[in-house]
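The values are calculated or read from the model by the stated rules, or taken from the named source; none is laboratory data. All values derive from a computational prediction rather than experimental measurement. Cβ sites come from the backbone with ideal geometry, for glycine too, and all protein chains shown count toward neighbours.
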């Protein structure tokens, strides 16, 4: 309504004010998109450019058809005829583009636009707009005309070409975004599996050292009689037994991940507890299993590190079978507010283009095994819930 009112008020304004008025209209469109949609500045500007180009084409097509109708169909020049052409033309143009765009709604929501992509779209739009309106300002150029019908045709065809170029550019950005996301997810899978392999080797070395220490303690105990020294040896032996009994879930991959993450948590003052029936995870590929739990625990550790209260640095993992389903829960305490975008927590890190890939990787693994994933936040607790159907064949 604001844009329409502004255009009505500036109807018939001097040519020198035409470009400033266009810039005001574009600014109003940008303000409207930025206000109504949860987008970055570059992304709002990018879609503003596409919307402006679409409006230009619809307007030019309307004027061309209206002019043709007046000259060839003997239509009367009145408000009813003008409104009829305006409504029908815009309904058809916007309806066609809606049908083309609706299947990309989710992809548009995920699309990230940087400054380079925004300025590329702005440059294309500026070139198209200048070329399509050249005849209105300069009559004697190789790309302009002095005849009204030709001016309308040039404007419509150039705007149509510009709309097509921007649509093709948009599809290219969508494909690049999907390919980049898939590549990052694959890299994350490989990285988590590499971390698992490194952790497995490290844990084996630690186990060998603890095994040797048990024999050394037994030898020292036989040689020492001091009660203080014996108490110290008892403490060391208890710590070894505690380590030996930890993270024995029945799944070697999960045991290794938990052992490695437990050591990291211990160094960072985080309490990690786990109750897991690891044998039920044997249907999963080790790469998928390491990526799922590696990313889930990395996200949980990143979250709890932000609290200064040591009593609230808590992470709990549970894996249990319920009837014909396997339930996985990863819970951790968090502080502050968590914002969600398309069901994925928005990163607090600098580059939003790469946000949420840990969760996306988990979602990909869940989908691969026909499972479901939900994320809940309640009372300062962040909870990742995963449900897998059992008795399925390994992908």
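So here's what we get for this one:
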item: So residue 290, is it part of a helix (DSSP H, G or I), closer than 30 Å to residue 380 by Cα and either at pLDDT below 80 or touching a strand residue (DSSP E or B) at 6+ places or on another chain (Cβ under 6 Å) (or both); result: no
item: Enumerated helices (runs of 4 or more DSSP H) restricted to region 1-78, each holding at least 3 residues that are over 37 Å from the mean Cα position of the chain (by Cα); result: 2-9, 41-72
item: Filter pass, residue 101 being surrounded by fewer than 17 Cβ atoms within 10 Å (Cβ to Cβ) and under 33 Å from the mean Cα position of the chain (by Cα); result: yes
item: Selection status of residue 299, free of Cβ contacts under 8 Å to residues at least 40 places away in the same chain, in the same structural domain as residue 358 (by TED's automatic domain parsing) and either in a loop (DSSP other than H, G, I, E, B) or on the phi < 0 side of the Ramachandran plot (or both); result: no
item: Filter pass, residue 176 being surrounded by fewer than 13 Cβ atoms within 10 Å (Cβ to Cβ) and at pLDDT 65 or above; result: yes
item: Test for residue 104: is it over 21 Å from residue 151 (Cβ atoms) and part of a helix (DSSP H, G or I); result: yes
item: Filter result for the condition that a residue is modelled with pLDDT under 85 and in contact with a helix residue (DSSP H, G or I) (Cβ under 6 Å, 6 or more places away or on another chain), over 3, 16; result: 3
item: Residue in region 259-271 that is in contact with a strand residue (DSSP E or B) (Cβ under 9 Å, 6 or more places away or on another chain) and either at pLDDT 85 or above or assigned to a loop (DSSP other than H, G, I, E, B) (or both) present; result: yes
item: Within region 305-332, tally of residues that are in contact with a strand residue (DSSP E or B) (Cβ under 7 Å, 6 or more places away or on another chain) and either modelled with pLDDT of 90 or more or assigned to a loop (DSSP other than H, G, I, E, B) (or both); result: 18
